[in-house]
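**Student:** Input: one structure, supplied below.
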Amino acid sequence: MSTSSLNPKLLKGALTSIRAAVGEVNEDPSHGNISKSFVLLLVSELASRGAGVDLPSSYDDNDWIRTLLESISTVAGKVAIDDAGKKGEGNYPLPMMGALSAASGMAASAVAASIQRSSSDADVVTLLPLRDKAVKEACQSTIKRCIDVNEGRLYTLLKLASGCLREALDVDSQESTSDSKKRQRRGLFNQNLAMTFHTLAYSNFLYGASNFVMDQPPMWKRCLDSALEQSSSAGAQGTNYRAYQNPQCTLPLQNLIRIAKGKGNAKRVKELSLYLCTGYLGAVQERLERIKLSTSSSTAESEDKKSKTLDQQTSEELMRAHFLHRTNAYVDFEELSTFDSLLESATTALSECDVPDSINGGNYEAALLYYYAQVQLGCMAEESDVWIEVLQMHRAMINRKPESTSGIGTKSISSKKA
């Protein structure tokens, strides 16, 4: 396998091949598609560094995978061609950069769907054939290279792959553990891994939509779908209303509403506004849970997280730093939103919805959601006031302790920022 430099024409061909291969994965529910999907995700990340490889005839070819890992090691640390800071400066059209983000998102979605569709609690899923000595050594070497050059995205993916093998070996080594508990642990690990890849897909779709194709509804819709997939419960009429409480739904919904307003589609605006209100309430609830967790500790939390090296970060921290936080709008929503602003936005969104005449007519669950949102707005406003006061007292208590030197009490909370 040879690695080639991708000009715009070659990149277009590479993305077409990746998307076609992902389409084959989605049509075939076989177990081997988990690793195939993951390899396609690695190939798309390689393409984002301006390097391309020919896809293999068989994804069980360990020599090909070893060579792919060596190619990844070569490009690790290189500035991505879809770096938003270089927007408009490169040789690649913006829509093509959007297509690159879409290909990565589709591959990540395929990994998650393949895990959910094909895996069971009998085995921990396999992303790469790391039981093969040559592949394992190539992976370890590439991981070390990523650490040396601070290559977060590629490191995160390879850490997920090596984590699967480590988990499988750990479970198998526990001879005193019952088979039922082993199955339960494997099943939970696989489920959490699938959610991780849904988050990864969300981050790629969000990045592409926010930076390259802001006015294209399909990309925002894929982004929204990835956020909704992070909830496993289904609505009675096929719509997962509870899933819209995921705060990650807010950004794609905001933009889908913006596009619908531009097209004069008032009906669509009203429909999406109810979901957006639910997303804002979910964001409020998430911040409340964060405060409850912080006040349950008798010690102040350290806020110096920038000093951690890649190998010191958890998978969740890596995902946030190197995927979710690539999109400035996501960072702004997390860091600049306050209880007041979120509740105000939720009230505005709800005001743009139609008031249901009766929960006995039309869409029963949507009507219940509307009245639930009305009640929750008032309850959460009161609850946020209470917990802000609790947080103030907690920080004052921590500051009075001689051993506390973190300075947590100096952080302003007058704006109710969680």
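**Student:** Are any of the residues in the stretch 306-313 outside any helix (DSSP H, G or I), modelled with pLDDT under 95 and within 20 Å of residue 253 (Cβ to Cβ)?
**Tutor:** No, because not a single residue in the stretch 306-313 is outside any helix (DSSP H, G or I), modelled with pLDDT under 95 and within 20 Å of residue 253 (Cβ to Cβ).
**Student:** Which members of the stretch 263-272 meet the condition of being within 28 Å of the chain's Cα centre (by Cα), of a type outside the set (D, E, K, R) and over 17 Å from residue 227 (Cβ atoms)?
**Tutor:** Passing the criteria: only 269.
**Student:** Within the stretch 142-183, take every residue that is surrounded by 13 or more Cβ atoms within 10 Å (Cβ to Cβ) and among the small types (Gly, Ala, Ser) and give me the one that is farthest from residue 116 (Cα to Cα).
**Tutor:** Across the stretch 142-183, the extreme among qualifying residues is 152.
**Student:** Looking at the stretch 158-188 only, could you name the residues that are polar (S, T, N, Q) and under 30 Å from residue 147 (Cα atoms)?
**Tutor:** 162, 173
**Student:** Could you pull out the residue among 349, 283 that is more than 18 Å from residue 383 (Cα to Cα) and small (Gly, Ala, Ser)?
**Tutor:** None of the other options fit; the residue is 349.
**Student:** Can you say whether residue 338 is of a type in the set (Ser, Thr, Tyr), modelled with pLDDT of 90 or more and out of contact with any Leu (no Cβ under 9 Å at 6 or more places or on another chain), as far as the supplied structure shows?
**Tutor:** Against the criterion (of a type in the set (Ser, Thr, Tyr), modelled with pLDDT of 90 or more and out of contact with any Leu (no Cβ under 9 Å at 6 or more places or on another chain)), residue 338 qualifies.
**Student:** Further question: For the stretch 251-284, name all the residues that are under 16 Å from residue 369 (Cα atoms) and not aliphatic (A, V, I, L, M).
**Tutor:** 270, 271, 273, 275, 277, 278, 279, 280, 282
**Student:** Take residue 114 and decide whether it is open to solvent by less than 10 Å² (accessible area, probe 1.4 Å), under 22 Å from the mean Cα position of the chain (by Cα) and modelled with pLDDT under 95.
**Tutor:** yes
**Student:** Further question: Looking at the stretch 359-418, which of the residues that are basic (Lys, Arg) and loosely packed, with under 13 Cβ neighbours inside 10 Å is modelled with the highest pLDDT?
**Tutor:** Filtering the stretch 359-418 for residues that are basic (Lys, Arg) and loosely packed, with under 13 Cβ neighbours inside 10 Å, the one modelled with the highest pLDDT comes out as 400.
**Student:** Which residues, taken from the stretch 124-141, are assigned to a helix (DSSP H, G or I) and open to solvent by 20 Å² or more (accessible area, probe 1.4 Å)?
**Tutor:** Hits for the stretch 124-141 are 133, 134, 136, 137, 140, 141.
**Student:** Kindly list, by first and then second residue, each pair from a residue in the stretch 1-21 that is over 16 Å from residue 39 (Cα atoms) and in contact (Cβ under 8 Å) with a residue 40 or more places away in the chain to a residue that is open to solvent by 50 Å² or more (accessible area, probe 1.4 Å) and small (Gly, Ala, Ser), limited to pairs with Cβ atoms under 7 Å and residues at least 6 apart or on different chains.
**Tutor:** Between residues of the stretch 1-21 that are over 16 Å from residue 39 (Cα atoms) and in contact (Cβ under 8 Å) with a residue 40 or more places away in the chain and residues that are open to solvent by 50 Å² or more (accessible area, probe 1.4 Å) and small (Gly, Ala, Ser), the close pairs are 10/4.
**Student:** Here is a list of conditions, (1) small (Gly, Ala, Ser); (2) at pLDDT below 95; (3) under 14 Å from residue 98 (Cα atoms), and residue 209 meets all of them except one; can you say which number that is?
**Tutor:** Going through the list (1) small (Gly, Ala, Ser); (2) at pLDDT below 95; (3) under 14 Å from residue 98 (Cα atoms), residue 209 breaks only (2).
**Student:** Additional query: Would you check if there is a residue in the stretch 32-48 being under 23 Å from residue 195 (Cα atoms), touching a residue at least 24 places away in the same chain (Cβ under 8 Å) and in a loop (DSSP other than H, G, I, E, B)?
**Tutor:** Yes, some residue in the stretch 32-48 is under 23 Å from residue 195 (Cα atoms), touching a residue at least 24 places away in the same chain (Cβ under 8 Å) and in a loop (DSSP other than H, G, I, E, B).
**Student:** Looking at (1) at pLDDT below 95; (2) of a type in the set (S, T, N, Q); (3) within 16 Å of the chain's Cα centre (by Cα), which one does residue 196 not meet, given that it meets all the others?
**Tutor:** (1)
**Student:** Could I ask something else about it? Examine the stretch 327-348 for a residue that is in contact with a helix residue (DSSP H, G or I) (Cβ under 9 Å, 6 or more places away or on another chain), open to solvent by less than 70 Å² (accessible area, probe 1.4 Å), assigned to a loop (DSSP other than H, G, I, E, B) and not hydroxyl-bearing (Ser, Thr, Tyr), and state whether such a residue exists.
**Tutor:** For the stretch 327-348, residues in contact with a helix residue (DSSP H, G or I) (Cβ under 9 Å, 6 or more places away or on another chain), open to solvent by less than 70 Å² (accessible area, probe 1.4 Å), assigned to a loop (DSSP other than H, G, I, E, B) and not hydroxyl-bearing (Ser, Thr, Tyr): absent.
**Student:** Quick check on residue 238: is it at pLDDT below 95 and at positive phi?
**Tutor:** yes
Condition check ((1) touching a strand residue (DSSP E or B) at 6+ places or on another chain (Cβ under 8 Å); (2) open to solvent by less than 60 Å² (accessible area, probe 1.4 Å); (3) modelled with pLDDT of 95 or more; (4) more than 23 Å from residue 146 (Cβ to Cβ)) across all residues:
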position	(1), (2), (3), (4)
4	yes, yes, no, no
18	no, yes, yes, no
29	no, no, no, yes
33	no, yes, no, yes
41	no, yes, yes, no
50	yes, yes, no, no
54	no, no, no, yes
57	no, no, no, yes
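**Student:** Say we look at the stretch 59-70 and pick out the residues that are of a type outside the set (S, T, N, Q) and in a helix (DSSP H, G or I); which of these is surrounded by the most Cβ atoms within 10 Å (Cβ to Cβ)?
**Tutor:** Going through the qualifying residues, I end up with 69.
**Student:** Okay, next question. Kindly check whether there is at least one residue in the stretch 170-181 that is in contact with a His (Cβ under 7 Å, 6 or more places away or on another chain), part of a helix (DSSP H, G or I) and either at negative phi or touching a residue at least 60 places away in the same chain (Cβ under 8 Å) (or both).
**Tutor:** no
The values are calculated or read from the model by the stated rules, or taken from the named source; none is laboratory data. Because the structure is predicted, anything quoted here is derived from the model rather than measured. Cβ atoms come from the backbone with ideal geometry, glycine included; neighbour counts cover every protein chain shown. Just the protein is used for accessible areas: all its heavy atoms, side chains included, with ligands, DNA and RNA removed. Shrake-Rupley method; radii C 1.70, N 1.55, O 1.52, S 1.80 Å.
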